[in-house]
Amino acid sequence: MTTIRIFIFLAAAAAVGLAQEGEDHKNELAFGLGGLPSFSRNDSPNLSAGSGVGLQVNYGRRFLDRNRFALYGEINFLASPLRDVSSSITSATKNFASLYVTPGVRLKISPRSRISPYFAIGGGYADYEQSTAQLDGRPNPASRQLARGAFDFGAGVDVHVWRFVALRGEARDYYTGAPNYNIPSISGGQHNVVATGAFVLRWH
């Protein structure tokens, strides 16, 4: 519920700000939809996570502006509702959901041009929610919630289509500790790559 309230607050702030729309936009709010590809862990025994859907909200505010580049502070939210797990170990967690909250900075090139590429980097918090069942259908003894640190980096491009509206394409990698797969030999870091498309609202 807390995350939903944050999303509603950001959307309301953007709606108020659009009334002050002008050429010099300091604030950006993006709503994106993307996909996370499947991946396999090389640990022994083998485990694979299926593809998933990514729901993204990103708020950015410019704090440094030059003719050729601009620097933004950002707060990025990404939620993936469900990813199925497959493994030869039937006691493994059946599926998991994830949420990433990563403040960071974004360097935008040619911010006043119609097409503006950018690079982003940040770090923060990852929350994994493991299923209540194992692959064999038995109750899952793994913890329901698991908090991890997160480091994210990526790149994208904004295409300004009309006054305070832009379209965005982005690829970003969230590097975190692993979810609780309920397999002790599988641990360590994990890359969670997502590609998203978004529309962006910009205002003072």
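The values are calculated or read from the model by the stated rules, or taken from the named source; none is laboratory data. Here the structure is a predicted model, which is why all the values come from computation and not from measurement. FYI the Cβ positions are ideal-geometry reconstructions off the backbone, even for glycines, and counts take in every protein chain you see. All accessible areas refer to the heavy atoms of the entire protein, side chains included, with ligands and DNA or RNA removed. Shrake-Rupley method; radii C 1.70, N 1.55, O 1.52, S 1.80 Å.
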Query raised in the report: Which residues, taken from region 155-183, are on the phi > 0 side of the Ramachandran plot and in contact with a Ser or Thr (Cβ under 9 Å, 6 or more places away or on another chain)?
Result: N182
Query - Which numbered condition I186 misses (of (1) open to solvent by 20 Å² or more (accessible area, probe 1.4 Å); (2) of a type in the set (V, I, T); (3) under 30 Å from D136 (Cβ atoms)) - result: (1)
Query raised in the report: Does N67 satisfy the criteria of being under 14 Å from the mean Cα position of the chain (by Cα) and not basic (K, R)?
Result: no
Query raised in the report: Which residue pairs have Cβ atoms under 9 Å apart, sit 6 or more places apart or on different chains, and have a first residue in region 58-78 that is of a type in the set (D, E, K, R) and a second that is open to solvent by 50 Å² or more (accessible area, probe 1.4 Å) and outside any strand (DSSP E or B)?
Result: R61/K26; R62/K26; D65/D24; D65/K26
Report summary line: Scanning region 124-152 residue by residue, those surrounded by fewer than 16 Cβ atoms within 10 Å (Cβ to Cβ) and under 22 Å from F77 (Cα atoms) turn out to be Y125, R144, Q145, A147, G149
Report summary line: Given (1) in a strand (DSSP E or B); (2) surrounded by fewer than 21 Cβ atoms within 10 Å (Cβ to Cβ), K108 misses just (2)
Requested in this report: Mind counting the residues in region 69-96 that are small (G, A, S), part of a strand (DSSP E or B) and buried (at least 17 other Cβ atoms within 10 Å of the Cβ)?
Outcome: 4
Report summary line: Taking region 34-64 and keeping only residues that are open to solvent by less than 50 Å² (accessible area, probe 1.4 Å) and among the hydroxyl-bearing types (S, T, Y), one is left with S48
